[in-house]
Amino acid sequence: MTAQLGEPDNLVLQARDVRFDWSTVPLHWIPGDPVATHLINVLHMLLPAGEEWFVRVFKEAVPLVRDDRLREDVLGFIGQEAMHAASHEAVLDHFVEQGLDVRPFVRQVDFFFESMLGDRGLTGDRRRAWLNERISLIAAIEHFTGVLGDWILNAEELDRAGADPMMLDLLRWHGAEEVEHRHVAHELFMHLDGRYSVRLRAMAESITMLTSLWQRGHRYLMAADPIVQGRIKGGVRHMRRTGLAGLTPSGRMVGASVGRYLRRGYSPLNEGSTEQAIAYLASSPAAQAALR
C-alpha cells in the first residue's frame, strides 16, 4: 500500500480502550432538538449488529489475504470494529434506562445482518463469491463511515448547540478511528476482487439499504421517545433542516461523496485526514479516562 501525500505510511491500526459514563447524558443530547438527536441516534441502533457483521466477514477473509501489510491492517480493523460495537451497545442500554425502548428495532437490525447478510453455508466457488459480495458492501458502507467520521470531527455547530460532551466524544472517537482505517475495506475488496462493476452495484445496494434503515430507525425513535411521544414525525427528510444547521450531515455532502466513490480512480485516503484523526484519538477524554 502507498500512502497519499501527507498520510503516514507506517500506521499500525489497533483497538483503543475507552471509558464512557452515560449516567448524566440526557435523552435529547442536542438540547431542544430531538429530531437532530435521533437522526444521529439511529447510528447506535445500526452499528453494533453492523460492525459485528463486519468482523465476522473480515475474519473469514483473513486466510485469503496474500499481502502481509494488508493482513495486518485487516486484523487492526477487526479489533477496532469490535470495540465500536461494544461501545454503542452501552448507549442502547442507557436509552432503555431512560424509557426509550430500542430493543424491538435492534432485533430487526440483528435479523437483517444475521439472516440476510450472514453465512449461508455455501462451499467452494459459491462461498468465495458470497464473501466477495459482502466485502464489496462493507467497502461501500465504510466509505460512508469514513465520510461521517470526517464530518463529526469538524462538526463545530454541535459544540455551539451545547451537545453533550460525552456523546460527542463517543462519536468523535469512533469517527476518528473510521477515518484512521478508512482505506482497509476498499483495499481488501481490490485485493480479492476489484471489479468496477461490482463496486458500482455495491454502492447502489448500500445506498438503498442505509436509506431504508435510517428512515425506519428515525421514525421508530421519534415514535418511541417518551418525551416527544410521537408528536413529531420522523424521517430522513429532516436532514435538510438539520443539515443546513450543521447538526447532522447534509444530503448534499453525502451525495457529493458518492460521486467521488464512483470514480474509477477513487481512493478512500482522499477522504478526511489521518493526521487530524490521530490527534483527536490522542486527546479523547474517553481514551484518557481508560488510561487513568
Along region 275-284, what does the Karplus equation 6.51 cos²θ - 1.76 cosθ + 1.60 (θ = phi - 60°) give for ³J(HN,Hα), rounded to whole Hz, x for Gly and Pro? 4, 5, 4, 5, 4, 5, 4, 6, 10, 3
For Ala279, net neighbour charge (Lys/Arg +1, Asp/Glu -1) across residues whose Cβ lies under 12 Å away: -1
Which listed residue (Ala176, Leu269, Leu281) has the Cα farthest towards the positive end of the charge dipole for the chain, taking +1 on Lys and Arg C-beta and -1 on Asp and Glu C-beta about the Cα centre? Leu269
How much length, in nm to one decimal, is gained on full extension between Asp110 and Arg66, taken as 0.36 nm per residue of separation minus their Cα-Cα distance? 12.7 nm
For a quick size check, give me the Cα extents of region 102-154 along its three principal axes, largest first, whole Å. 45, 28, 8
Based only on other Cβ atoms within 10 Å, what is the fewest-to-most ordering of Asp164, Asp17? Asp17, Asp164
Neighbouring Cβ atoms within 10 Å as the yardstick, rank Arg292, Arg56, Arg237 fewest first. Arg292, Arg237, Arg56
Ranked on Cβ counts within 10 Å of their own Cβ, fewest leading, His44, His38, His28 go His28, His44, His38
Just add up the charged neighbours of Ile227: K/R +1, D/E -1, any other residue whose Cβ is under 14 Å from the Cβ of Ile227. -2
Sort out for me the Cα centre separation of region 68-140 from region 186-259, rounded to whole Å. 17 Å
In order over region 73-90: 3J(HN,Hα) from phi, Karplus 6.51/-1.76/1.60, θ = phi - 60°, whole Hz, x for each Gly or Pro, gives 5, 4, 5, x, 4, 4, x, 5, 5, 5, 5, 4, 4, 5, 5, 6, 4, 5
Please name which of Ala86, Leu100, Ala61 has its Cα lying farthest along the dipole of region 41-194 towards the positive end, using unit charges on Cβ (Lys, Arg +1; Asp, Glu -1) and the Cα centre as origin. Ala61
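For the chain, take the alpha-carbon Rg, divide it by the Kirkwood Rh, and send me Rg/Rh. Don't skip to the answer; put the middle values down first.
Details: Rg = 18.5 Å, Rh = 19.5 Å.
Result: Rg/Rh = 0.95.
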Given Cα pairs under 8 Å that are at least 6 residues apart, what percent is the relative contact order of region 34-291? 27 percent
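Report the charge-dipole magnitude of region 34-291 in Debye, nearest 20, computed about the Cα centre from +1 at each Lys and Arg Cβ and -1 at each Asp and Glu Cβ. The partial results should precede the final answer.
Working: 29 positive and 33 negative charges, 262 e Å.
Approximately 1260 debye in magnitude.
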Under the √(5λ) rule applied to the eigenvalues of the Cα gyration tensor, what semi-axes describe the equivalent ellipsoid of region 143-274? Give them in Å, descending. 29, 19, 13
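Each value in this text was obtained by applying a stated rule to the coordinates, not by laboratory testing. The model shown is predicted, which means the values in this text are computed figures rather than measured ones. Note that each Cβ is placed from the backbone with ideal geometry, even for glycine, and that neighbours are counted across all protein chains shown.
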